[in-house]
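Data first, discussion second: the structure below is written as structure tokens.
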Amino acid sequence: MRTAVRRHGRVLSWQSRTALVAVAMVGLVALGSAVTRGGDQPPAARGGAPPAPLDWSSAVTPDPPRTSAASPQPEPSATTPAQRKTPASPSPRVPSATPSPAGPALAPGARIGLEPVTHPGYRVRHRDFLGRIDPVGASSPAVDKADATFTVRAGLADRRCVSLEAVNYPGFYLRHQDFAIHLHRRDPSAIFAADATFCPRPGAGGRDISLRSYNYPDRHLYHQRSRLFIATSGDGAAMTFAVRTPW
């Protein structure tokens, strides 16, 4: 037997109740769809105010990623200024010499020997009244030792320079004549005084000396095949000497 429900004084049949439930369900579905479509629309379309723009000024910048200690680092370029090395210039060759004990300075009255820096064991000397360099040492004959010893005198032409007097021939001086060195007796002429005066100049390293001609200031004392001359620097003249104690 079919059951009926009274509604406002009416009795509803089972079919009427079923129709009411279906209508209610359709309404609920329609309401849900409207809500969903409303959420997809922009705020202005939904009647709301647009949101304020985001403020990024107070945003915290993230730290850069750290490199792991195990990560390989790039090698510097070999052509960078820090890595590039300029090869050192070769040093000039200096003639080797075993120096004798240092002798007295070129002070007036001192007895000295002059050893060519390029010819250790040799000494400036006179022989047959000519200036030359020869090997002279402790075992040399007495005459050779005497020939290689000179007394320093104040320059005959200029006292700031020097003249060299032979110890075994007092009154005889080394002088140049025709650019060759001779041992001549002193005479009172001005030309002799000028020819017999030499002005010392510091040599390499400041310890050795070269002897410049007083009256030919572009010429220095030098040797050629054991003979002594004065010559210009273009002739390879600036020979240097070490001042030694006499043998």
State yes or no: is His184 within 46 Å of the chain's Cα centre (by Cα) and outside any loop (DSSP other than H, G, I, E, B)? no
Odd one out for Asp158, checked against (1) open to solvent by 50 Å² or more (accessible area, probe 1.4 Å); (2) in a loop (DSSP other than H, G, I, E, B): (1)
Select from region 199-223 the residues that are exposed (fewer than 12 other Cβ atoms within 10 Å of the Cβ) and outside any loop (DSSP other than H, G, I, E, B) and write down the one among them that is nearest to the chain's Cα centre (by Cα). Gly205
Restricting attention to region 134-146, which residues are surrounded by fewer than 17 Cβ atoms within 10 Å (Cβ to Cβ) and β-branched (Val, Ile, Thr)? Val143
Kindly provide the set of residues from region 214-228 that are modelled with pLDDT of 95 or more and in contact with an Asp or Glu (Cβ under 8 Å, 6 or more places away or on another chain), ordered by number. Tyr214, Asn215
Identity of the residue in region 106-150, small (Gly, Ala, Ser) and free of Cβ contacts under 8 Å to residues at least 60 places away in the same chain, that ends up nearest to Cys161 (Cα to Cα): Ala107
Before we move on, is Thr149 surrounded by 14 or more Cβ atoms within 10 Å (Cβ to Cβ), modelled with pLDDT under 95 and polar (S, T, N, Q)? no
Of the candidates Ala196, Ala231, Ala190, the one satisfying the condition of being open to solvent by 60 Å² or more (accessible area, probe 1.4 Å), closer than 14 Å to Arg175 by Cα and either at pLDDT 90 or above or within 40 Å of the chain's Cα centre (by Cα) (or both) is Ala190
Can you pull out the residues in region 121-155 that are of a type in the set (Val, Ile, Thr) and assigned to a strand (DSSP E or B)? Val124, Ile133, Thr151, Val152
Taking region 91-120 and the residues there that are part of a strand (DSSP E or B) and at pLDDT 90 or above, the one that is nearest to the chain's Cα centre (by Cα) would be Pro116
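The values are calculated or read from the model by the stated rules, or taken from the named source; none is laboratory data. This structure is a prediction, so every number in the text was calculated from the model and none was measured. Neighbour counts are summed over all protein chains in view; Cβ atoms, including those assigned to glycine, are modelled from backbone coordinates with ideal geometry. Calculation scope for accessible area: heavy atoms of the full protein, side chains included, ligands and nucleic acids excluded. Shrake-Rupley method; radii C 1.70, N 1.55, O 1.52, S 1.80 Å.
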